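S.K.: Pasting a structure below so you can have a look.
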Amino acid sequence: MAAYKLVLIRHGESCWNQENRFCGWFDADLSETGEHEAKRGGQALKDAGYEFDICYTSVLKRAVRTLWFVLDSIDQMWLPVHRTWRLNERHYGGLTGLNKAETAAKHGDAQVKIWRRSFDTPPPSMDEEHDFYQSISKDRRYADLTEDQLPSCESLKDTIARALPFWNEEIVPQIKEGKRVLIAAHGNSLRGIVKHLEGMSEEAIMELNLPTGIPIVYELDKNLKPLGPMQFLGDEETVKKAMEAVAAQGKAKK
Amino acid sequence: MSKYSLFLLRHGEGAWNKENRFCSWVDQKLSEDGVKEAQDCGRLLKELGYKFDLVFTSILSRSIQTAWLVLEAMGQEWVPVVKSWRLNERHYGSLIGLNRAEMALQHGEEKVKLWRRSYDIAPPPIDESHPYFLEIYNDRRYTTCDVPKENLPRAESLKEVLDRLLPYWDSTVVPEIRKGRTVLIAAHGNSCRALLKHLEGISDEDIASVTLPTGIPVLLELDENLKPVKPRQLLGDQVKIQAAIKKVEDQGKAKPTT
């Protein structure tokens, strides 16, 4: 019997996704498709009659706006919302802003492969010369971060290492108090939570790409162990596609 | 000398505003025009270069929606938004859902004038027989307030609005302002008025003639004791502001339809 239910939602397409650029901490907005995905996700939660008590999101607008679309759909705009940099997307350092071709041209295919396959090798740092250094590292929203906390780049390991303390110290106590939690965030910060919940290996989490705009439901026991695999909410077609996509990932050729 | 800047914003048009009905604690979202008012306000604040640190709203969707639209227009979606019933619109009791014509018919012009102009006379309380009673009191958000649901108002005078707003202002908003944080309060006509009365020391008589236009940001520059150092400033294009003021005043004068 599930003691708790947790819902995660990964934001949909951003304007930069459209251009295939490494986004990371760049504050790209949702594209029209991404907005549609968020509304559809909200509708799925509404159809299933979900109620929440508290919401968490990052400080990047594509996640915040996704949450807003969802809360509007389920008519729970009044819920308390906590925003944290710790749920931000992985920081892609010097790769931020580059598209796939530019990255390969700049660094070579071999290096790109290493970065893609490594759990703990970070991309190059974003230095002061970088186009986005000022707009990201010096952004007012990060003013309270210490020098140690503010990243200039992150491996997946780094992302998870700064996301989990927030999960453990802020979110878990709320779940244990019986609060129904909704988290709207990014591919890599959500990977951190999923890896932790399911006790996945580094290899396994790197294979997992969470579907976008689709509410992901975990039923948890009183120790916050999942009672089964993650469930997706939505119409039959959408859910089927998402499940197949996730299943195929593990088998994808490298 | 101005030490702090505080911004107040009265949300724009909801569906019932168009029909001149008292919406009060009924939870309506903004109309298309109301959405546009909020977006215009956000664009203006962005042009003027303002940066918020914190936003307070009520727990009624139209004020939250307004805050979200403003933050979105300013690219400041990351700014924390804190919500409280203590910033809700005035509770209009049994008058909820009535338009001004119906009110005059049901209760007489004199009574209506009294409720609208007096500071401390509340309309008759809402009760279970009222068509909107369950819609309001069965709503889950009212189980999350800092008073038990049974102690929430059934009707309010403007004085009672300030009575439940002031503790929140003192305990939660003031400390943030004193930390030097630029605060936006996105709320309702009467919750904004009540706060203005308190901050500006407006008398019980004079507050009756103070109305804020919708969708126009109000800037209050406060000294270290949180007293205004100059008159409140309505920001933006003066022609637009005058039109907004007129719109609100005309609503108050709406003739009953025959």
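S.K.: With charges only on Cβ, +1 for K and R and -1 for D and E, what is the dipole size of the stretch A:34-173 about its Cα centre, in debye, rounded to 20?
M.R.: The calculation lands at about 400 debye.
S.K.: I would also like to ask the following. Of A:Tyr56, A:Ser135, A:Ala161, which is farthest on the positive side of the dipole of chain A, counting Cα position, with +1 on Lys and Arg Cβ, -1 on Asp and Glu Cβ, and the Cα centre as origin?
M.R.: It is A:Ala161, whose Cα lies furthest towards the positive end.
S.K.: Looking at the protein assembly as shown only, what percent of DSSP beta bridges run antiparallel? Nearest 5 please.
M.R.: 45
S.K.: Turning to a different aspect of this structure: So which trypsin sites (Lys or Arg not before Pro) in the stretch A:208-250 pass both tests, a DSSP loop state and at most 15 other Cβ atoms within 10 Å of the Cβ?
M.R.: Loop-located and lightly packed - A:Lys222.
S.K.: Based on the Cα coordinates of the stretch A:1-82, what is the per residue volume of their convex hull in Å³?
M.R.: 103
S.K.: Next up: Amide H neighbours of B:Lys83 under 5 Å, counting only residues 5+ apart in sequence or on other chains, H built in-plane at 1.01 Å?
M.R.: B:Thr57
S.K.: Among the lysines, which have Cα under 18 Å from the Cα of B:Lys3 when same-chain residues fewer than 8 positions away are ignored?
M.R.: B:Lys51, B:Lys179, B:Lys227, B:Lys230
S.K.: While we're looking at this one, here's another question. Can you say what percent of the DSSP beta bridges in chain B, counting only those with both residues inside, are antiparallel? Round to 5.
M.R.: So the antiparallel bridges in chain B amount to around 45 percent.
S.K.: Would the stretch A:139-212 count as rounded, prolate or oblate if I go by the C-alpha gyration tensor, calling it rounded below 1.5 in a/c and otherwise prolate when a/b exceeds b/c, oblate otherwise?
M.R.: Note, shape of the stretch A:139-212 comes out oblate.
S.K.: Percent antiparallel among DSSP beta bridges with both residues in chain A, to the nearest 5?
M.R.: 45
S.K.: For B:Ile245 paired with A:Glu169, estimate the spin-label separation in nm (one decimal), with each label point 7 Å from Cα along the Cα-to-Cβ line.
M.R.: 5.0
S.K.: Over all directions, average the projected area of the Cα convex hull of chain B and note it in nm².
M.R.: 13.5
S.K.: In nanometres, what is the gap between the two model label sites at B:Asn138 and B:Lys159, each 7 Å from Cα along Cα-to-Cβ?
M.R.: Rounded to a tenth, the inter-label distance reads 3.5 nm.
S.K.: If I fit a long axis through the Cα atoms of helix B:158-168 and take the longest principal axis of the Cα atoms of chain B, what angle between them do I get, 0 to 90°, rounded to 10?
M.R.: Helix B:158-168 sits at roughly 40 degrees to that axis.
S.K.: On the first, second and third principal axes, largest extent first, how far apart are the outermost C-alpha atoms of the protein assembly as shown in Å?
M.R.: 82, 55, 39
S.K.: Follow-up. Based solely on its DSSP helices, what 222 nm [θ] is calculated for chain A when runs of n ≥ 4 H residues each add -39,500 (n - 2.57) and the sum is averaged over all residues, nearest 500 deg cm²/dmol?
M.R.: -12000 deg cm²/dmol
S.K.: Cα to Cα, under 17 Å, and not fewer than 8 places away if on the same chain: which lysines meet these conditions relative to A:Lys100?
M.R.: Within reach: A:Lys113, A:Lys254.
S.K.: Distances over 25 Å make up what percent of all Cα-Cα pairs in chain A?
M.R.: When every Cα pair of chain A is considered, 42 percent fall beyond 25 Å.
S.K.: What's the magnitude of the charge dipole for the stretch B:66-119 around its Cα centre, counting Lys and Arg as +1 and Asp and Glu as -1 at the beta-carbon? Answer in Debye, nearest 20.
M.R.: Using Cβ point charges on Lys, Arg, Asp and Glu, the stretch B:66-119 gives about 320 debye.
S.K.: Another one. For A:Asp144 paired with B:Asp146, estimate the spin-label separation in nm (one decimal), with each label point 7 Å from Cα along the Cα-to-Cβ line.
M.R.: Here the modelled spin labels are 1.8 nm apart.
S.K.: A follow-up question, please. What number, rounded to the nearest 500 deg cm²/dmol, is the helix-based mean residue ellipticity at 222 nm of chain B, given -39500 (n - 2.57) per DSSP H run of at least four residues and division by all its residues?
M.R.: Roughly -11000 deg cm²/dmol at 222 nm, from the helical runs in chain B.
S.K.: I've got another one for you. Any lysines with Cα under 20 Å of the B:Lys18 Cα? List them, leaving off those in the same chain fewer than 8 positions away.
M.R.: B:Lys29, B:Lys36, B:Lys240, B:Lys246, B:Lys247, B:Lys253, B:Lys255
S.K.: Which one of A:Phe22, A:Asn209, A:Pro124 is farthest out on the positive end of the charge dipole of chain A, using unit charges on Cβ (Lys, Arg +1; Asp, Glu -1) and the Cα centre as origin?
M.R.: The residue sitting farthest along the positive end of the dipole is A:Asn209.
Throughout, read-outs are computed from the coordinates displayed, never taken from laboratory work. The model shown is predicted, which means the values in this text are computed figures rather than measured ones. Please note: Cβ atoms are built from the backbone with ideal geometry, for glycine as well, and neighbour counts cover all protein chains shown.
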